[in-house]
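> Encoded as structure tokens, here's the structure I'll be asking about.
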Ligand SMILES: [Zn+2]
């Protein structure tokens, strides 16, 4: 089957599966959803607990001792996860979102070609 023959929903599902950036889940220590860490743009994509990252950065900024840093580092390291598979593509996900929005709007006003049907386009 050619790509052009695929039903919309099948095509969307395939694109989602390929380009959705899947979050690895929650921090095992505090339960916060882990986030992508600052990185150089190459593989792998690093994830870690944002709470741990923030506390660690703040502690380092005020020159905290090794004893203070140790539990914060342990928290951060326990949540750290590297995604070697793929990095996702937010542009594709945004395009899917916009397409679904258009489709939804079209479904809400079927066969209505009065000028009022497309607010914003009639000024
Ligand atoms: Zn955490």
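Bear in mind that the values in this text are calculations on the coordinates, not laboratory data. No experiment lies behind these values; they were computed from the predicted model shown. Cβ: placed from backbone, ideal geometry, glycine included. Neighbour counts: every protein chain shown.
> Assuming R0 = 22 Å, can you tell me the calculated FRET efficiency for the pair residue 94 and residue 9, based on Cβ-Cβ distance, to the nearest 0.05?
With a Förster radius of 22 Å, E is 0.75.
> Sticking with this structure for a sec: If you project the alpha carbons of segment 24-86 onto the principal axes, what extent comes out on each, in Å, largest first?
37, 25, 13
> Still on this structure, please answer the following. If the chain between residue 66 and residue 108 were fully stretched, how many nm would it gain, using 0.36 nm times the residue separation less the Cα-Cα distance?
Net length gain for the segment: 9.1 nm.
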